[in-house]
Structure formats: structure tokens, C-alpha cells
Amino acid sequence: MRLGEETDAAEIAALGAKVFYESFAWSMPAQDMRDYLDTSYSASAIQLELKDKATYRFWVARDDTTNKLLGFVQLNRCSDEPCLTVKPPESID
């Protein structure tokens, strides 16, 4: 594994869009899915996030022989997603 680079953007976008689609397409209207993927998983959107090292960190894993992207991890230092709020241990069911 290594830190993601701007040159990884297109492959990260393609893999991320595929995984997101396969995971959530059943739960939303098709147009909403297309709109989300076009904005959040475009190569240009991922490239901007790769440039923003104050907010995001990407780690990529590639096959040693083929250099094919096997997976990636995106860390976000400034998320305001309610589902990512740290809860006190005693409040978790």
C-alpha cells in the first residue's frame, strides 16, 4: 500500500463508483444514483480530493505484478456526517 497520488484519480473513481453502485443502487432512484456518481465519483472530483491533503488521505493497494488497483481507503478529517459522530462507549447498543 502507498499514499494515493493524483495519477490514481481515474482508477479510484471507477472502482469507488462501481462499489457504491453495487452497494446502494437498490436503495435510491436511478437518476439520483447517476447524479451522485457523476458528482462524487468523477475523476475530477477524486483528483480534487487527492490534492486536498489537509482534509483527505487516500491509500491505494495495487497488484505487484500487474499494477492493477485492488482497493483504496479514503480518510476524511473533517466529516460532518451524523453517522460518523463519535459516541461515548456507554451509549452504544
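The values are calculated or read from the model by the stated rules, or taken from the named source; none is laboratory data. This is a predicted model, so every value here is computed, not measured. Ideal geometry is used to build each Cβ from the backbone, glycine not excepted, and the neighbour counts take in all protein chains shown. Areas reflect the complete protein model, heavy atoms only, side chains present, ligands, DNA and RNA absent. Shrake-Rupley method; radii C 1.70, N 1.55, O 1.52, S 1.80 Å.
Observations on the structure shown:
- Under the Karplus curve 6.51 cos²θ - 1.76 cosθ + 1.60, θ = phi - 60°, whole-Hz ³J(HN,Hα) for the stretch 15-27, x wherever Gly or Pro sits: 5, x, 5, 4, 5, 4, 4, 5, 7, 10, 4, 5, 9
- Taking every alpha-carbon pair within the chain, the share separated by more than 24 Å comes to 32 percent.
- The largest-to-smallest principal axis extents of the Cα set in the stretch 1-44 are 35, 20, 10 Å.
- Residue-wise HN-Hα coupling along the stretch 45-61, computed from phi with Karplus coefficients 6.51, -1.76, 1.60 (Hz; x: Gly, Pro): 5, 5, 4, 4, 5, 5, 6, 7, 6, 6, 10, 10, 9, 10, 10, 10, 10
- Size of electric dipole in the chain: Cβ of Lys, Arg +1 and of Asp, Glu -1, about Cα centre, debye, nearest 20: 240
- Contour excess over end-to-end distance, with Cα ends at TRP26 and ASN67 and 0.36 nm allotted per residue: 11.6 nm
- Between ALA43 and LYS18, the simple label model (points 7 Å from Cα in the Cβ direction) yields a spacing of 1.6 nm.
- The GNM of the chain, with springs linking C-alpha atoms under 10 angstrom apart, assigns the highest mean-square fluctuation among GLU11, GLU22, GLU49 to GLU22.
- Calculated accessible area for the chain comes out at 74 Å² per residue, all protein chains present (probe 1.4 Å; ligands, DNA, RNA ignored).
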